[in-house]
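Here the structure comes first, spelled out in structure tokens, and everything after it is commentary.
The values are calculated or read from the model by the stated rules, or taken from the named source; none is laboratory data. Just so it is clear, the model here is predicted, and its values are computed rather than measured. Quick reminder, even Gly has a Cβ in these numbers, built from the backbone with ideal geometry, and neighbours come from all protein chains shown. When the accessible area is computed, the model is the full protein with side chains, heavy atoms only, and any ligands, DNA or RNA have been set aside. Shrake-Rupley method; radii C 1.70, N 1.55, O 1.52, S 1.80 Å.
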Amino acid sequence: MRELRRLSSVTDELGRRFAGAGHEIALVGGPVRDAMLGRLQQDLDFTTSATPQQTERLLKGWADSTWDIGRAFGTIGCRKGEWQVEITTYRSEAYDAESRKPAVQYGDSLVADLERRDFTVNAMALSLPGEQLEDPFGGVVDLAEKRLRTPGTPESSFSDDPLRMLRAARFSAQLGFTVAPEVVAAMGDMAERITIVSAERVRDELVKLLCSPDPVRGLRLLVETGLADHVLPELPALALERDEHHRHKDVYEHTLTVLEQAIDLEDRLGGGPDLVSRLAALMHDVGKPRTRRFLDDGTVTFHHHDVVGAKLTRKRLQALRFSRDQVDAVAQLVELHLRFHGYGSGEWTDSAVRRYVRDAGDQLERLHVLTRADCTTRNRRKAERLRRTYDGLEERIARLTEAEELASIRPDLDGNQIMEVLGVGPGREVGEAYRHLLELRLDHGPMSEADAVAALRAWADARAGTA
């Protein structure tokens with residue numbers, strides 16, 4: 001409870017203010033759980049018998065700033081020193097059979113408020129100002145045993161808010177907790193109910209799961225319970241039935257291994273969870289089920305699964321309301337993830353290396369991570385050979401980058417120079433000339449201005465001759 005002592009500047013004063021006005025208030029949910037785990041954050045949640053209007057009055061003159069963006073849900077927010085605080089009136093909320101939004105009703109007791117929360121480890125509170133622990137549903141024991149249970153029946157909890165089924169997977173991934181068997185069973189029985197939840201809320205939970213310390217643990221639970229069929233159907237689809245000769249890898253298990261290996265390489269990206277890289281690892285082979293073909297000799301092919309996978313990735317991430325930049329980046333990585341396999345043992349020309357860098361653009365470092373993570377062979381000799389080969393490619397990229405500024409590669413003449421040489425104004429011909437010079441730049445490296453002018457005039461003469 002040492003972490004809780006940090007809170008005294010907030011909890012003591014708030015407790016006295018609300019108690020003095022005849023209201024109950026308690027620190028509740030995640031902050032209590034995290035304080036017990038020694039991982040307290042700066043966001044604090046409180047619950048109170050006071051109405052939002054009464055809470056606003058009690059915060060006046062105490063908080064550094066306040067906001068009421070959550071008023072419709074009974075929540076008033078404020079900042080006090082280092083702490084960001086949300087205070088919510090006792091409440092209950094539930095979905096009807098068709099609703100995508102909870103219907104909020106105010107409650108009348110702390111125990112009733114705790115009972116409507118998702119899991120017992122989040123249904124603990126510290127009543128203020130005395131800091132009395134309230135744990136009516138056994139959250140302390142579940143926390144000690146690293147177990148996720150619901151305060152009431154799982155069916156009732158998930159009926160009230162189906163998103164809690166995703167939260168179970170997320171908390172399992174974040175905290176390393178085991179989900180109780182009855183909770184897992186209810187998730188499986190009620191999986192289809194997740195479809196009433198908005199795409200944005202589903203996306204936010206998936207992001208938290210993917211950015212957790214052990215996302216594979218949570219993803220396995222989503223697949224096992226059938227939730228993934230509704231929120232990320234491309235993932236269970238990777239569990240292809242194996243051919244009788246076992247000539248191809250288990251794509252589902254391969255994908256989870258690639259995700260784990262990509263996470264291990266995130267220090268190349270600056271450290272910390274990198275959502276785009278993790279999404280790319282998760283989605284890189286989603287085109288395989290649609291492109292799988294069995295040849296007469298029993299071998300299996302997945303031709304163009306990179307291109308098909310990029311389209312499926314774009315469609316899924318758009319449906320989940322990811323930002324355009326995130327969608328573009330992940331789809332680009334999926335489409336490029338096989339490009340390295342044409343490198344062989346280093347046969348690419350400098351031109352091919354330049355195009356690899358050009359096509360990757362600002363996703364080059366993530367492409368390095370994805371390509372390296374995509375090697376899951378158990379053959380150590382083969383794995384070491386692939387590693388050395390990719391080391392060689394990166395060294396070539398570094399040398400060419402130093403010599404030619406590959407990251408900002410462009411033609412040796414700009415648009416104004418092209419117009420001056422050709423004696424034309426802005427238009428389609430300038431764009432075509434620019435692209436021609438860019439191709440020459442990629443093929444042959446930098447040219448002098450005189451050589452670039454000569455190449456441009458030769459191109460123009462050839463066009464005129466075929467006109």
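Just to be sure I understand the filter: pairs with C-beta atoms under 6 Å, separated by 6 or more residues or on different chains, first member in the range 212-236 and under 13 Å from L166 (Cβ atoms) and of a type in the set (A, V, I, L, M, F, W, C), second member buried (at least 22 other Cβ atoms within 10 Å of the Cβ) and at pLDDT below 95. Which pairs pass?
none
Given the conditions (1) part of a helix (DSSP H, G or I); (2) in contact (Cβ under 8 Å) with a residue 40 or more places away in the chain; (3) open to solvent by less than 20 Å² (accessible area, probe 1.4 Å); (4) over 30 Å from E205 (Cβ atoms), which single one is not true for L413?
Status for L413: all satisfied but (1).
If the requirement is being at pLDDT 85 or above and open to solvent by 50 Å² or more (accessible area, probe 1.4 Å), which of these qualifies: R6, R16?
After applying the criteria, what remains is R16.
If we scan the range 353-369, do we find a residue that is open to solvent by 50 Å² or more (accessible area, probe 1.4 Å), out of contact with any helix residue (DSSP H, G or I) (no Cβ under 7 Å at 6 or more places or on another chain), at pLDDT below 90 and assigned to a helix (DSSP H, G or I)?
No: the range 353-369 contains no residue that is open to solvent by 50 Å² or more (accessible area, probe 1.4 Å), out of contact with any helix residue (DSSP H, G or I) (no Cβ under 7 Å at 6 or more places or on another chain), at pLDDT below 90 and assigned to a helix (DSSP H, G or I).
Name the one entry in A281, A262 that is of a type in the set (G, A, S) and closer than 30 Å to V183 by Cα.
Answer to the check: A281.
Can you list the helices (runs of 4 or more DSSP H) found entirely within the range 233-341 that contain at least 2 residues being over 26 Å from L221 (Cβ atoms) and acidic (D, E)?
324-336
Just for the range 88-105: of the residues that are open to solvent by less than 40 Å² (accessible area, probe 1.4 Å) and outside any strand (DSSP E or B), which one is modelled with the lowest pLDDT?
Y95
Mind listing just one residue for me: the one in the range 332-352 that is within 22 Å of H444 (Cα to Cα) and out of contact with any Phe, Trp or Tyr (no Cβ under 9 Å at 6 or more places or on another chain) and, of those, most open to solvent (accessible area, probe 1.4 Å)?
Among those that are within 22 Å of H444 (Cα to Cα) and out of contact with any Phe, Trp or Tyr (no Cβ under 9 Å at 6 or more places or on another chain), it is E347.
Take the residues in the range 135-158 that are out of contact with any Ser or Thr (no Cβ under 9 Å at 6 or more places or on another chain) and of a type in the set (G, A, S), then tell me which one is nearest to V231 (Cα to Cα).
G152
Inspect all residues belonging to the range 395-410 and state whether any of them is open to solvent by less than 80 Å² (accessible area, probe 1.4 Å), closer than 30 Å to L456 by Cβ and part of a loop (DSSP other than H, G, I, E, B).
yes
Quick check on this structure: which one of G77, G61, G22 is loosely packed, with under 13 Cβ neighbours inside 10 Å, more than 14 Å from L128 (Cα to Cα) and without any contact (Cβ under 8 Å) to a residue 24 or more places away in the chain?
That would be G61, the only listed residue that is loosely packed, with under 13 Cβ neighbours inside 10 Å, more than 14 Å from L128 (Cα to Cα) and without any contact (Cβ under 8 Å) to a residue 24 or more places away in the chain.
Can you name the condition, by its number, that V10 falls short on among (1) of a type in the set (A, V, I, L, M, F, W, C); (2) over 17 Å from L110 (Cα atoms); (3) in contact with a helix residue (DSSP H, G or I) (Cβ under 9 Å, 6 or more places away or on another chain)?
(3)
If you scan the range 211-233, which residues turn out to be closer than 15 Å to T255 by Cβ and of a type in the set (D, E, K, R)?
Residues satisfying the conditions are R217, R220.
Residue check, G29 against (1) open to solvent by less than 50 Å² (accessible area, probe 1.4 Å); (2) at pLDDT 95 or above, all met but one. Which one?
With respect to (1) open to solvent by less than 50 Å² (accessible area, probe 1.4 Å); (2) at pLDDT 95 or above, G29 is out only on (2).
Do you know which residues across the range 183-227 are charged (D, E, K, R) and open to solvent by less than 40 Å² (accessible area, probe 1.4 Å)?
E205 - this is the single residue of the range 183-227 that is charged (D, E, K, R) and open to solvent by less than 40 Å² (accessible area, probe 1.4 Å).
Answer with yes or no whether D296 is modelled with pLDDT of 90 or more, open to solvent by 40 Å² or more (accessible area, probe 1.4 Å) and charged (D, E, K, R).
no
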